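Read the structure below first, then the notes.
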Amino acid sequence: MITAAVQEREHYLNASYGIKSWLLTKDHKRIGLLYLATITLFFFLGGAFATLIRIELLTPQGDLVSSETYNKLFTMHGVTMIFFFLIPSIPATLGNFFLPMMIGARDLAFPRLNLLSWYLLVVGGLFSLFAMLAGGVDTGWTFYTPYSTSYSNTWVIATAVGIFIAGFSSILTGLNFIVTIHRMRAPGMTWFRMPLFVWAHYATSLIQVLGTPVLAVTLLLVLCERLFHIGIFDPALGGDPVLFQHLFWFYSHPAVYIMILPAMGVVSEIISTFSRKPIFGYGFVAFSSVSIAVLGFLVWGHHMFVSTQSVYAGMVFSFLSYFVAIPSAIKVFNWTATLYKGSISFATPMLYAFGFIGLFTMGGLTGLFLACLGIDVHVTDTYFVVAHFHYIMVGGAIMGFLGGLHFWWPKMTGRMYPEGWAKLSALTIFLGFNLTFFPQFILGYLGMPRRYHVYPEEFQVLHVLSTAGASVLAVGYMIPMIYLIWSLRYGQIAVANPWGATGLEWKTASPPPLHNFDETPIVTHEAYDYTTVMEEVIEVG
Amino acid sequence: MSEHIDSVKTYVLVFAALICATLATTAVAFVDLGPFSVVVALAIAVCKMLLVALFFMHVRHSTKLTRLVLLGALMWLGILILMTLTDFSTRGALGVPGR
């Protein structure tokens with residue numbers, strides 16, 4: 001009977017049918033799903049490049065691919081994963097889907113712009129995909145000059161144009177979120193009643209709007225120098241290569257926070273829900289997102305300690321870099337304090353949240369090593385750095401993404417995922433991740449440089465461990481792919497609020513109606529007010 | 001909120017000022033002012049930017065929030081320039097051991 005009722009009720013998935021109803025949709029929920037499909041494809045493409053890299057590194061000799069091909073593999077892995085998966089991962093999928101619902105809005109402020117954002121990502125992705133298929137690019141995802149402007153004879157222009165276009169997708173999404181949060185909150189949804197997921201996305205959007213244009217300008221300057229030999233970065237033409245690094249990292253360091261802040265928002269929602277407590281120090285956690293966004297713009301020079309940047313600037317950037325640890329630590333300590341005396345349940349999203357906290361803490365603390373001038377000089381461009389940023393980007397951002405995907409899957413699809421398989425995959429991913437990347441800390445500290453595929457034999461054991469971990473990780477990522485698709489047809493029917501959570505998105509049906517709510521919700525309580533939920537449960541009971 | 005609309009005359013005057021400023025930039029490019037060439041070119045560019053923002057983008061009659069957005073953008077540009085100059089202007093200021 002329940003099944004029949006769910007099938008008969010109109011919701012955003014059955015409101016219209018056909019390819020046109022998806023490709024021309026202005027519904028933020030459908031656009032979120034379009035993004036989800038797109039970034040999943042790019043994730044597996046980037047994963048394929050990573051697989052080839054790890055297989056090559058099984059042996060100390062370069063016996064699978066040539067040096068040139070290896071250069072292209074790590075470049076295309078980085079470009080695909082960063083610009084076409086990680087940057088849009090949580091904001092464009094879960095943010096798109098849930099941000100309007102969480103503030104009680106019917107849609108984003110600019111629905112057409114939202115659809116345009118998705119098309120821009122696709123067009124940008126196709127440009128970069130073309131470059132990969134046509135022969136690839138070998139500059140590293142960082143496009144350092146003058147190699148990228150004067151010497152590389154690979155597909156730099158097509159790749160840069162792809163990233164340039166995708167950047168506008170990111171800017172427009174950020175703009176849409178900012179305006180939506182300012183203008184479209186439901187009655188009673190004050191700034192300090194907003195879920196922390198929304199605060200995190202507000203901070204992320206600020207970075208997207210303020211930082212991404214600088215990347216666009218930088219890539220245009222690279223194209224000007226490469227195509228027209230206008231001397232900007234190449235010393236032979238009168239330029240300054242370190243200027244490129246300043247401009248590039250002005251965006252690309254904050255870009256890490258575009259990846260990690262939304263994941264932090266997800267973790268706040270999950271921790272609160274599965275410990276049945278309001279987030280400890282709500283205001284501190286909310287403002288820590290904004291302060292991470294602001295401080296993130298003041299530290300980019302720590303990527304350039306050995307670049308001939310002045311020693312004085314190095315000291316300033318080193319000093320400022322330590323400050324980012326403060327709001328990050330506020331979050332971690334407040335999540336932990338939230339757990340204290342909570343009624344904790346270990347559902348799959350919670351396992352991912354715990355995974356996030358552990359791995360992000362490792363990534364964050366090793367970031368402090370790298371912010372220290374003396375240590376950074378020793379480990380610059382080694383596997384220590386590779387391990388550090390994978391702990392943040394993969395251990396942090398992807399754990400947050402998968403945690404959020406499981407948390408909201410019942411709401412998005414109206415179906416539950418199989419809990420046993422999900423817990424198994426969460427555990428597999430956590431173990432596989434650590435086996436892949438922990439040995440890389442040791443490799444880097446011992447002196448193994450990044451971006452080399454031939455290495456001394458004494459490093460082989462650690463590389464083999466890392467490759468074995470990558471295999472486990474790949475299995476861990478494949479399992480959710482399979483059971484989530486399976487659940488679309490065979491999963492148990494989800495009720496409106498399967499977790500007993502407090503957000504507005506749980507007060508509407510699963511899957512939600514076309515315009516999210518039958519009536520505009522009126523907010524009368526603070527976020528994470530579990531007393532109200534319990535009262536409702538008792539009343540219904 | 002009532003929206004202030006400038007007269008056509010104002011827009012035409014601003015447009016004329018922008019054209020004059022463009023001509024001035026071009027003319028100055030042919031005069032050797034030494035290091036001041038860049039200063040003059042940038043000064044004219046800033047004036048043009050202000051005209052566009054204040055009149056064409058209506059910032060002059062906008063809400064405080066819109067002005068805050070503009071100020072925020074300018075501040076971020078300031079961060080980019082200031083912190084980059086922190087490096088550029090102090091290269092060689094502190095000795096590096098071994099060099």
Task: Selected from A:Val79, A:Thr69, A:Leu121, residue furthest toward positive end of dipole (the range A:45-139; charges at beta carbon) - done: A:Leu121
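Only helical DSSP H runs with n ≥ 4 go in: add -39500 (n - 2.57) per run for chain B, normalise by residue count and round the 222 nm mean residue ellipticity to 500 deg cm²/dmol.
On the way: 3 runs with 63 residues, N = 99.
Estimated from H runs of four or more residues: -22000 deg cm²/dmol.
With the contact rule set at Cα under 8 Å and sequence spacing of 6 or more, what percent relative contact order holds for chain A? Write out the running numbers ahead of the final one.
On the way: 903 pairs, mean separation 95.0, N = 541.
Computed over chain A, the figure is 18 percent.
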Open item on the list: 5 Å is the cut-off here: which amide hydrogens, built 1.01 Å from N in the peptide plane, fall below it relative to A:Ser510, excluding neighbours closer than 5 in sequence?
Closed with: A:Ala496
Open item on the list: Students often forget the sequence filter, so: which lysines lie under 23 Å Cα-Cα from A:Lys423 once same-chain residues fewer than 8 apart are removed?
Closed with: A:Lys277, A:Lys411
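Quick check on chain A: helices-only [θ] at 222 nm, where DSSP H runs of length 4 and up contribute -39,500 (n - 2.57) each and the sum goes over total residues. Nearest 500, please. Intermediate results must be reported in sequence, preceding the final value.
Working: 19 runs with 356 residues, N = 541.
Helix contribution divided over all residues of chain A: -22500 deg cm²/dmol.
Place a +1 charge on the Cβ of each Lys and Arg in chain B and a -1 charge on the Cβ of each Asp and Glu, then give the dipole magnitude about the Cα centre in debye, rounded to the nearest 20. If you can, show how the numbers build up before the last one.
Details: 7 positive and 4 negative charges, 35 e Å.
Using only the charged Cβ atoms, the result is roughly 160 debye.
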TODO: On a C-alpha basis, how far is the centre of the range B:1-41 from the centre of the range A:108-179 in Å? Whole number, if you could?
DONE: 33
- [ ] Using the charge dipole of the protein assembly as shown (Lys, Arg: +1 at Cβ; Asp, Glu: -1 at Cβ; taken about the Cα centre), state which of A:Gln440, A:Ile493, A:Trp141 has its Cα farthest towards the positive end.
- [x] A:Ile493
Open item on the list: Ordering A:Val294, B:Val69, A:Val122 by accessible area with a probe of 1.4 Å, largest first, what comes out?
Closed with: B:Val69, A:Val294, A:Val122
Open item on the list: Rolling a 1.4 Å sphere over the protein heavy atoms, what is the accessible area per residue of chain A, to the nearest Å²?
Closed with: 38
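Rounded to the nearest 20 Debye, what is the dipole magnitude of the protein assembly as shown about its Cα centre when Lys and Arg each give +1 and Asp and Glu each give -1 at the C-beta? Write out the running numbers ahead of the final one.
Working: 31 positive and 29 negative charges, 170 e Å.
It comes to approximately 820 debye.
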Task: Karplus-derived HN-Hα couplings along the range A:215-224 (A = 6.51, B = -1.76, C = 1.60, θ = phi - 60°), whole Hz, x at Gly and Pro - done: 4, 4, 4, 4, 5, 4, 5, 4, 5, 4
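Working with all protein chains in place, sort A:Arg450, A:Arg9, A:Arg106 by solvent-accessible area computed with a 1.4 Å probe, largest first. Spell out each step's value before the answer.
Numbers: A:Arg450 45, A:Arg9 70, A:Arg106 140 Å².
Most to least solvent-accessible, the answer reads A:Arg106, A:Arg9, A:Arg450.
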Task: For the protein assembly as shown, with +1 on Lys and Arg beta carbons and -1 on Asp and Glu, the positive-most of A:Ala160, B:Val52, A:Leu402 along the dipole - done: B:Val52
Open item on the list: Using a 1.4 Å probe on the protein heavy atoms only, what accessible surface does A:Arg276 show? Give it in Å² to the nearest 10.
Closed with: 80
Task: chain B: most fluctuating residue of B:Thr66, B:Thr86, B:Thr26 per GNM, C-alpha cutoff 10 Å - done: B:Thr86
Open item on the list: Quick one: 3J(HN,Hα) in Hz for the range A:440-455, Karplus 6.51/-1.76/1.60 with θ = phi - 60°, rounded, Gly and Pro as x.
Closed with: 6, 4, 5, 3, x, 5, 7, x, 6, x, 6, 6, 10, 10, 10, 8
Task: Distant-in-sequence amide H partners of A:Arg415 (H built 1.01 Å from N, under 5 Å) - done: A:Ala494
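Heavy atoms only, 1.4 Å probe, whole protein assembly: order A:Leu175, A:Leu108 by accessible area, highest first.
Numbers: A:Leu175 70, A:Leu108 5 Å².
Accessible-area ranking of A:Leu175, A:Leu108, largest first: A:Leu175, A:Leu108.
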- [ ] May I ask you to list the aspartates and glutamates whose Cα is less than 20 Å away from that of A:Lys331, ignoring any residue fewer than eight positions away on the same chain?
- [x] A:Glu269, A:Glu526, A:Asp529
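Report the per residue volume, in Å³, of the convex hull enclosing the C-alpha atoms of the protein assembly as shown.
Details: hull volume 111.6 nm³, N = 640.
Considering the Cα atoms of the protein assembly as shown, their hull volume per residue is 174 Å³.
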Open item on the list: Can you pull out the GluC sites (Glu not before Pro) in the range A:486-532 whose DSSP state is coil and whose Cβ has at most 11 other Cβ atoms within 10 Å?
Closed with: A:Glu519
TODO: Please report the buried accessible area for the interface of B with A, total over both chains, probe 1.4 Å, in Å² to the nearest 100.
DONE: 1600
Open item on the list: Using a Cα-Cα cut-off of under 19 Å, which aspartates and glutamates could be cross-linked to A:Lys72, ignoring same-chain neighbours fewer than 8 residues away?
Closed with: A:Glu56, A:Asp63, A:Asp138, A:Asp381
- [ ] Return the long-range amide H neighbours of A:Thr382 (sequence gap of 5 or more, or a different chain), with a cut-off of under 5 Å between placed amide H atoms.
- [x] A:Arg450
Open item on the list: I need the GluC sites (Glu not before Pro) found in the range A:1-95, filtered to DSSP loop residues with at most 15 other beta carbons within 10 Å of theirs.
Closed with: A:Glu10
- [ ] Round to a whole angstrom and tell me the spacing of the C-alpha centers of the range A:436-496 and the range A:359-433.
- [x] 11
Task: In order through the range A:290-300: 3J(HN,Hα) via Karplus (6.51 cos²θ - 1.76 cosθ + 1.60), integer Hz, x for Gly, Pro - done: 5, 5, 4, 4, 6, 4, x, 8, 10, 10, 4
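The values are calculated or read from the model by the stated rules, or taken from the named source; none is laboratory data. Note that this is a predicted model, so its numbers are computed, not measured. Because the Cβ atoms are built from the backbone with ideal geometry, glycine has one as well, and the counts that use them run over all protein chains shown. Side chains included, ligands, DNA and RNA excluded: accessible areas come from the protein's heavy atoms. Shrake-Rupley method; radii C 1.70, N 1.55, O 1.52, S 1.80 Å.
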